[in-house]
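J.: Once you've had a glance at the structure underneath, I'll fire off some questions.
Nothing in this text is a laboratory measurement; each read-out follows from the coordinates by a stated rule. Computed from a predicted structure; not experimentally measured. Because the Cβ atoms are built from the backbone with ideal geometry, glycine has one as well, and the counts that use them run over all protein chains shown.
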Amino acid sequence: MNYPFKTEPFAHQIDALKASWNKEEFALFMEMGTGKSKVLIDNMAILYDKGKVESALIIAPKGVYRNWSDLEIPAHMPDHIRSKTYIWDASKSKKQLAHLEDALRVTDDLKIMVMNVEAFSTKRGYEYAQKFLYMNPKTFMAIDESTVVKNHRAKRTKAIVKLRPLAKYRRIATGSPVTKSPMDLYAQCYFLDPNLLGSTSFLKFQNRYAITRRRSVGSHSFEEIIGYQNLEELTENLDKFSFRVLKEDCLDLPDKIYEKRLVPLTPEQNKVYKDMKDYAIAILDDDTEVSTMAVITQLMRLQQITCGFVKTDEDGVREFKNNRIDELCGILNETSGKVIIWATWRYDIKRLTDTLRKKYGERAVAAYYGDTSVEDRQDAVKRFQDPNSELQYFIGNPQTAGYGITLTEASTVVYYSNNYNLETRLQSEDRAHRIGQKNNVTYIDLVSPGTVDERIVKALMDKKNLADEIMGEQWREWLK
C-alpha cells in the first residue's frame with residue numbers, strides 16, 4: 001500500500017486497511033497485540049488526506065482511553081498530518097472547559113477527541129459528544145474494545161447508538177467480540193448499521209440465533225437462553241463487514257504455557273467456606289427469595305474466602321490464616337525476571353503490595369488498580385518496562401490494568417484470583433503476550449481444590465469455546 005506511514009505496517013495490518021479503509025462501517029476483530037489501534041489511526045489518516053473526514057471521535061474504556069493521546073497517536077499518526085488531540089475530562093475547571101471548547105472550533109487540522117465510554121452514561125458527556133459531531137459532520141467515530149457496548153440495555157450503549165447517524169465513518173475494534181454469548185454482537189454491530197445482521201430489534205436477533213425457554217423464579221418470569229442456532233449464518237453475515245486477525249496467523253510470538261498451583265484451604269478457611277456454601281445453597285433452594293444479586297454475592301464471598309478473607313455484612317473484613325500468599329512467594333522465589341500478579345479484590349492488592357514490599361523492597365513492587373493515580377499508573381508501566389529498573393513485581397486488577405498497556409518485560413504471569421469475565425482474562429493475559437515479547441509466557445493460576453476457583457476456570461473455558469463457535473475458530477483447552 002503506497003502511503004507515507006509513520007511506522008511501517010505489518011502485512012496483516014495492510015490487509016486490514018485494504019479491506020476497511022473506505023467502508024463507512026467496518027469491524028476490526030483483531031486479537032490483542034496485533035495492532036488494531038495502528039490500523040484505526042492509519043485509516044483515519046488516509047481518509048483525512050483524501051478529504052473524506054475532518055475529525056475523529058475515539059471511544060475507549062476508562063483504563064485505556066488516555067493511551068490513545070499519550071502513546072498510540074504520537075507513535076502512529078503520519079508526520080505530514082497536522083493533528084491535535086483532545087481528552088475528555090469530567091472536571092469543570094476553567095482549563096478543562098477551555099480545552100473542550102477549543103475542540104469545537106473550526107480548523108484545518110485533524111481534530112481527535114478521545115472520550116472514555118463511561119462519559120456516555122452522563123448527560124454532560126453525551127451532550128458534548130453530540131455537539132462535537134454536529135460541529136464536525138465528517139467525523140471518523142471508532143469504539144476501541146467495543147465489547148464495552150455489548151449490553152444493548154445499558155445507558156451508555158443507548159447514548160452511543162443514538163449518536164451513530166451523526167458520524168460519517170464508524171468502526172468497532174476488539175479481539176473478542178463474543179465473550180459471553182452471540183447476543184454480545186447485536187449492539188456492537190447495530191452501532192455500525194442496524195441492518196448489518198438482518199435484525200433491527202434485539203428480540204428478532206435473539207429469536208433468530210438463540211434457543212430460549214420461559215422460566216419463572218418466584219413472582220418473576222423471563223426468557224432464559226438454553227442454546228444457540230443458525231451460527232454459521234451469523235458467521236457469514238459478520239464476514240461481510242469485518243476483518244479477523246489472529247496472533248497465531250500473523251505474528252511469530254512465543255507460546256503461552258498454562259500451569260495450576262493447588263492451594264489447599266486451611267482448617268479455618270475450610271470451615272467458613274463450608275458454612276458459606278451451605279448458606280448459598282439454601283438461598284438457591286428458596287425460590288421465593290432468590291435473586292441474581294444474592295447468588296452473585298455468595299459466589300464472591302466464597303471466592304474471597306479462598307483468598308483468605310471475607311467482607312462482612314457490616315462492611316468489615318475478616319481475615320483467615322491461608323496458604324495463598326505463601327504459595328505466591330514460593331513462585332516468586334522460583335522465578336527469575338519480572339512478574340505480573342493479577343488479583344480481583346482491592347483488599348488482596350493492598351495486602352499483597354504491603355507483603356511483597358516488606359519482603360523484596362519498596363521499589364521492587366508497584367500496584368495498578370482503581371485507587372492508583374494516573375501519574376502513578378504511567379510511572380509503574382514505564383518502570384516495569386525498563387529492564388534496568390528495580391521494579392520486579394507488577395500487582396494489578398485486570399479490570400483496571402488489563403487493557404491497553406504493554407508489559408512484555410514479564411514472561412511469568414500469576415493469577416492470584418480470577419473472575420467470570422472472559423474478556424478481562426483474555427485482555428490481561430495479552431499485556432505480556434504481544435509484539436515485543438521474546439520469551440514463552442507462563443500463566444500460573446492459584447486454585448483451591450474443590451472450591452469455586454475450579455468453577456470459575458470451567459466457566460471461562462466454556463465461554464471461550466462458545467466464542468470460537470461464533471468466530472469460526474478452534475481453540476485448545478486451557479488450564480486442564
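J.: Where does helix 452-471 land angle-wise versus the long Cα axis of the chain, in degrees 0 to 90, nearest 10?
T.: Compared with the principal axis, the helix lies near 30 degrees.
J.: In the structure shown, do any of LYS36/LYS155; LYS84/LYS350; LYS150/LYS274; LYS23/LYS180 have a Cα-Cα gap over 30 Å, and if so which?
T.: As for pairs spanning more than 30 Å Cα to Cα, those are LYS84/LYS350; LYS150/LYS274.
J.: Given an 8 Å cut-off on Cα distances and at least 6 residues of separation, report the relative contact order of the chain as a percent.
T.: Rounded, it is 16 percent for the chain.
J.: If the limit is 32 Å between Cα atoms, which of LYS204/LYS277; LYS271/LYS359; LYS94/LYS311; LYS95/LYS358; LYS256/LYS311; LYS240/LYS438 go over it?
T.: LYS204/LYS277; LYS94/LYS311; LYS95/LYS358; LYS256/LYS311; LYS240/LYS438
J.: Moving to a separate point now. With each pseudo-label sitting 7 Å past Cα toward Cβ, what's the ARG124-ASP239 distance in nm, one decimal?
T.: Inter-label distance under the simple model: 4.8 nm.
J.: Let me ask something additional. Using 0.36 nm per residue of separation minus the Cα-Cα distance, give me the extension gain between SER219 and ASP15 in nm, one decimal. Walk me through the numbers before you get to the answer.
T.: Values: separation 204, 0.36 × 204 = 73.44 nm, distance 5.35 nm.
That pair, SER219 and ASP15, stretches by 68.1 nm at full extension.
J.: Here's something else I'd like to know. Would you work out the relative contact order for the stretch 1-110, in percent, from Cα pairs under 8 angstrom that are 6 or more residues apart?
T.: 30 percent
J.: Same structure, new question: Which chymotrypsin sites (Phe, Trp or Tyr not before Pro) in the stretch 114-143 pass both tests, a DSSP loop state and at most 15 other beta-carbon atoms within 10 Å?
T.: Within the stretch 114-143, no chymotrypsin sites (Phe, Trp or Tyr not before Pro) qualify (loop, at most 15 other Cβ atoms within 10 Å).
J.: Label points 7 Å out from Cα along the Cβ direction at VAL374 and LYS321: separation in nm?
T.: 4.7 nm
J.: Given R₀ = 60 Å, what would the calculated FRET efficiency be for LYS52 paired with LYS271, taking r from the Cβ atoms and rounding to 0.05?
T.: 0.35
J.: Further question: So for the chain, taking the charge dipole from beta-carbon charges (+1 Lys/Arg, -1 Asp/Glu), which of PHE140, ILE349, ALA364 sits furthest toward the positive end?
T.: PHE140
J.: List the chymotrypsin sites (Phe, Trp or Tyr not before Pro) within the stretch 11-75 that fall in a DSSP loop (any state other than H, G, I, E or B) and whose Cβ has at most 10 other Cβ atoms within 10 Å. Write out the running numbers ahead of the final one.
T.: Working: sites: TRP21, PHE26, PHE29, TYR48, TYR65, TRP68; in loops: TRP21.
When the chymotrypsin sites (Phe, Trp or Tyr not before Pro) of the stretch 11-75 are filtered for loop state and at most 10 Cβ neighbours within 10 Å, nothing remains.
J.: State, as an integer percentage, the relative contact order of the stretch 308-377 based on alpha-carbon contacts under 8 Å between residues 6 or more apart.
T.: 16 percent
J.: In nm, to one decimal, how far is the modelled label at GLU101 from the one at ARG455, with both set 7 Å along Cα→Cβ?
T.: Those two pseudo-labels are separated by 5.6 nm.
J.: Same structure, new question: Nothing charged except the Cβ atoms of Lys and Arg (+1) and of Asp and Glu (-1): what's the magnitude of the dipole of the chain about its Cα centre? Round to the nearest 20 debye.
T.: The calculated dipole for the chain is roughly 1180 debye.
J.: Need one number: % antiparallel among DSSP beta bridges in the chain, to the nearest 5.
T.: 15 percent
J.: Further question: Under 20 Å Cα to Cα from LYS92, which lysines show up? Leave out anything in the same chain fewer than 8 places away.
T.: Leaving aside lysines fewer than 8 places away in the same chain, those within reach of LYS92 are LYS62, LYS123, LYS131.
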